[in-house]
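Written out below as structure tokens is the structure these notes cover.
The numbers here are math on the coordinates, done by the rules we state, and not lab data. Keep in mind it's a predicted model, so treat the numbers as computed, not measured. FYI the Cβ positions are ideal-geometry reconstructions off the backbone, even for glycines, and counts take in every protein chain you see.
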Amino acid sequence: MAKQLFLNLPVKDLNKTVEFFAALGFSFNPDYTDENATCMIVNDDAYVMLLVEGYFKTFTSKAIADATGSTEAIMAFSVDSRDAVDETIRTALTSGGTPSQEAQDYGFMYSHSFQDPDGHLWEVMWMDPAGLPADAAL
């Protein structure tokens, strides 16, 4: 049985964050959405819980990292083609995101990244369905 993944991220403005990720093609589960949080659907087994900072603080005694100045994690998701990587980055940047790293092209794998409106790092990647060549090195 596959395990489900729930990633919890603090956000400053839930509506702005939802608009940003909706522009990138993500959908949200209305059953887990209110003024404090929403459940962004990645696929049938992976979800990102976007929690307003005040609500996020109820789940931890630690300080919330300022993602605009430090990195707590890099979230990555795949798309269907190299062109879809570039299109997703263009959409992210025109929807309120900011650039992160330059595109990385390994031939069999292509990725590019952006920062969401809260500064969280996201990588968009495509991998050749034929897989990693035997002589490839990352």
Positive minus negative residues near Asn43 (Lys, Arg vs Asp, Glu; Cβ under 14 Å)
-2
Filtered hits (lysines, Cα-Cα < 26 Å from Lys12, offset >= 8 within chain) -> Lys57, Lys62
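What's the local net charge at Ala23, with K and R +1, D and E -1, over the other residues with C-beta under 12 Å away?
On the way: positive: Lys16, Arg90; negative: Glu19, Glu87, Asp116.
Overall, the nearby charge balance is -1.
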With angles folded into 0 to 90 degrees, how steeply does helix 82-94 sit against the dominant principal axis of the chain? Use alpha carbons for both and round to 10.
30 degrees
Rounded to 10°, Cα long-axis angle of helix 14-23 versus longest principal axis of the chain:
20 degrees
What does the helix-only formula give at 222 nm for the chain: each DSSP H stretch with n ≥ 4 adding -39500 (n - 2.57), the total divided by the residues, and the result rounded to the nearest 500 deg cm²/dmol?
-5500 deg cm²/dmol
